[in-house]
Amino acid sequence: MNKVFLIGRLTRDPELRYTGNNTAVASFSIAVNRNFTNQAGEREADFINIVVWRKQAENVKNYLTQGSQVAIDGRIQTRSYDDKDGQKRYVTEIVADNVEFLGSKGGANASAPQSSAASTSTEPTPYDFAAQSEQSKTDVDSNPFADFGSSIEISDDELPF
């Protein structure tokens, strides 16, 4: 089984190209933090190359920029080519089956419409992301559950186990 799941931030803007038969392909890299710190107490990251195809490639180019946070699921692929000097070069990359848009580099755009744009549907969702960003900002001092009615009491005594 060859399956990869990653969450990270784009290290550069995606590059979109088209193959000879007009198939969209986008490439970008993400920084994925390691779960541990080095001897100096600093958290290191791995920089992973990602390739995505067809409509998702166009969505990635249209909606993501450097610093955007994404979740990737896909597979590892290794390929080789001969460089201009005739040397054989090997490339290991992730071919993404799905790209979920988690948020922008500032975190303010982590809204449902961006995730919708990342889905495998054939048409992107027509949202004004700048306006959506302003709407999604909330007052952290307000109670997000204030309009849900009366409170509910939950006790461990009521659980069946």
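In segment 24-33, which residue that is polar (S, T, N, Q) and modelled with pLDDT of 95 or more is surrounded by the most Cβ atoms within 10 Å (Cβ to Cβ)?
Out of the qualifying residues, it is S29.
Among the candidates F36, F5, F47, single out the residue that is under 12 Å from the mean Cα position of the chain (by Cα), open to solvent by 60 Å² or more (accessible area, probe 1.4 Å) and over 13 Å from F101 (Cα atoms).
Going through F36, F5, F47 in turn, just one is under 12 Å from the mean Cα position of the chain (by Cα), open to solvent by 60 Å² or more (accessible area, probe 1.4 Å) and over 13 Å from F101 (Cα atoms): F5.
Those residues that are closer than 24 Å to G20 by Cα and part of a strand (DSSP E or B), I need them from segment 30-73; list them, please.
N49, I50, V51, V52, W53, listed by residue number.
The values are calculated or read from the model by the stated rules, or taken from the named source; none is laboratory data. Just so it is clear, the model here is predicted, and its values are computed rather than measured. Ideal geometry is used to build each Cβ from the backbone, glycine not excepted, and the neighbour counts take in all protein chains shown. Surface accessibility is based on the protein's heavy atoms, side chains included, excluding ligands, DNA and RNA. Shrake-Rupley method; radii C 1.70, N 1.55, O 1.52, S 1.80 Å.
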